[in-house]
Amino acid sequence: MQRWCSRWVVLGLLLWAACAWAQQTPEPPQTSVPRIAGRLTAADVGLVINTADPYSVEVGEYYAAQRGIAPEHIVRVELPVRNSLNVLEFGALYSQVREQMPPQVQALALAWTQPFAVECNSITSALSLGFEPEACRKTCAPSRASPYFNARTHKPFTELGIRPSMLLASRSVASAKALIDRGVAADGKLGKLGAPSAFAVFVNTQDRARNVRAALFPPAGRMGQSGVAVVRREQADPDPLRRVVLYQTGLTRQHPIDPQQWIPGALADHLTSFGGQLMDGNGQMSVLEWLEAGATASYGTVSEPCNHLQKFPHPQVLLLHYLQGATALEAYWKSVAWPAQGVLVGEPLAAPFVLR
């Protein structure tokens, strides 16, 4: 069954490119991007630090200082420093965070790189939505829908009972601190009159299985008064890029990544099976490489998802939420319909666009 739909209107109603979704989703997807009424701030964020991991302790303390995280919003746990937790280990973590985090905390920053998974689930999804064992029986099957997908709220715990989370992940303490600094530097720098232009770049590739998201890429052109222009390009295009605030493609590996192209707050991800295996991607590029090159947040899957579009960030939903002033955490979380296998990494509070 096919359903055809029109293009979105800039910063207004967005009608999905539902033809790419109809064969996989029993009900029609939501047809609009809501106008958000606020965004997460440091007062809404809880921080979780792993006392068994020196990286976590140093990065967590640095993040708390740079973002002004309240001491009562910091929970210290003790976790094994390896790629994945088992269900019992995760259960203890989940209970500790739920019991110790104050009710006003709406979202979580996790100050570590490992663990990034709970069996076949990502740790960010498991800690936010609960562990989903059904996803591990057949990882290519549809997974549980997120109530936070394309949502208007900026109070997800108060209104939905979930705390979306993001890993402050990097390959070293120094690069993690640089990541945090980029997030802080991003705040409010775009979307204002007189602000320099920025570019949202969407790349078609010859990898048919991983290029499926191209059907959802927005049309090229300027995005109203946002100061952002959408650029559509091909994988082989040699022209250098500058002032990139969003970059999406579909490949096993992006090479090379120009560190000069990013501006603070840039989001970047590639649709592939194992980008979320941060330390060992089965020969595929880890999403940490986006951050190491200068992006501020990214997303990848930790287990084989197949190429269900719902398991990856929807390009238009991601862009339009970010342009309205949402944080990197909110924009990414709200763009993924089935997030069980997807890990979010980066500086959660980066918000380069003024609230519209």
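The values are calculated or read from the model by the stated rules, or taken from the named source; none is laboratory data. Given the structure is predicted, the values throughout are model-derived calculations rather than measurements. A quick note on method: Cβ atoms are made from the backbone with ideal geometry, for glycine too, and the neighbour counts reach across all protein chains shown. For accessibility, only protein heavy atoms count, side chains too; no ligands or nucleic acids. Shrake-Rupley method; radii C 1.70, N 1.55, O 1.52, S 1.80 Å.
Return yes when A185 is on the phi < 0 side of the Ramachandran plot, in contact with a strand residue (DSSP E or B) (Cβ under 9 Å, 6 or more places away or on another chain), open to solvent by 10 Å² or more (accessible area, probe 1.4 Å) and not acidic (D, E) and no when it is not. Steps first, please.
On the way: on the phi < 0 side of the Ramachandran plot: yes; in contact with a strand residue (DSSP E or B) (Cβ under 9 Å, 6 or more places away or on another chain): yes; open to solvent by 10 Å² or more (accessible area, probe 1.4 Å): yes; not acidic (D, E): yes.
Yes: the conditions hold for A185.
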Go through the residues of segment 278-297 one by one and say whether even a single one is hydrophobic (A, V, I, L, M, F, W, C), within 19 Å of K334 (Cα to Cα), under 21 Å from the mean Cα position of the chain (by Cα) and not in a loop (DSSP other than H, G, I, E, B).
-> yes
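Taking the condition touching a strand residue (DSSP E or B) at 6+ places or on another chain (Cβ under 9 Å), more than 22 Å from P352 (Cβ to Cβ), open to solvent by 30 Å² or more (accessible area, probe 1.4 Å) and in a loop (DSSP other than H, G, I, E, B), does R253 pass? Give the steps one after another, and end with the answer.
Working: touching a strand residue (DSSP E or B) at 6+ places or on another chain (Cβ under 9 Å): yes; more than 22 Å from P352 (Cβ to Cβ): yes; open to solvent by 30 Å² or more (accessible area, probe 1.4 Å): yes; in a loop (DSSP other than H, G, I, E, B): yes.
When the stated conditions are applied, R253 passes them.
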If you go through segment 289-321, how many residues are under 19 Å from S128 (Cβ atoms) and aromatic (F, W, Y)?
-> 2
All positions within segment 147-171 that are open to solvent by 10 Å² or more (accessible area, probe 1.4 Å), touching a Ser or Thr at 6+ places or on another chain (Cβ under 9 Å) and aliphatic (A, V, I, L, M) = L160, I162
Can we say I74 is surrounded by 24 or more Cβ atoms within 10 Å (Cβ to Cβ), touching a strand residue (DSSP E or B) at 6+ places or on another chain (Cβ under 9 Å) and under 18 Å from A176 (Cβ atoms)?
-> no
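Consider R144 carefully, then state whether it is more than 21 Å from N86 (Cα to Cα), charged (D, E, K, R) and open to solvent by 20 Å² or more (accessible area, probe 1.4 Å). Reasoning before the result, please.
Working: more than 21 Å from N86 (Cα to Cα): no; charged (D, E, K, R): yes; open to solvent by 20 Å² or more (accessible area, probe 1.4 Å): yes.
It is false that R144 is more than 21 Å from N86 (Cα to Cα), charged (D, E, K, R) and open to solvent by 20 Å² or more (accessible area, probe 1.4 Å).
If you check S6, S32, which single one turns out to be at pLDDT 50 or above and either under 22 Å from the mean Cα position of the chain (by Cα) or closer than 25 Å to A145 by Cβ (or both)?
S32
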Within segment 270-286, track down each residue that is over 15 Å from S303 (Cβ atoms) and crowded, with 24+ Cβ neighbours inside 10 Å.
-> H270
Every residue from segment 94-127 that is in a helix (DSSP H, G or I) and either in contact with a helix residue (DSSP H, G or I) (Cβ under 7 Å, 6 or more places away or on another chain) or closer than 20 Å to A70 by Cβ (or both) | Y94, Q96, V97, R98, E99, Q100, A126, L127
For G325, are the conditions met, namely being small (G, A, S) and either more than 23 Å from A111 (Cβ to Cβ) or free of Cβ contacts under 8 Å to residues at least 60 places away in the same chain (or both)?
-> yes
How many of the residues in segment 37-60 are within 16 Å of T158 (Cα to Cα), surrounded by fewer than 20 Cβ atoms within 10 Å (Cβ to Cβ) and among the β-branched types (V, I, T)?
-> 1
Matching option when the condition is assigned to a helix (DSSP H, G or I) and surrounded by fewer than 16 Cβ atoms within 10 Å (Cβ to Cβ), among A209, A214, A174 = A174
Hey, can you tell me all the residues within segment 287-315 that are of a type in the set (S, T, N, Q) and surrounded by 24 or more Cβ atoms within 10 Å (Cβ to Cβ)?
-> T296, S298, T301
Among (1) loosely packed, with under 15 Cβ neighbours inside 10 Å; (2) within 23 Å of the chain's Cα centre (by Cα); (3) over 27 Å from A351 (Cβ atoms), where does P238 come up short?
-> (2)
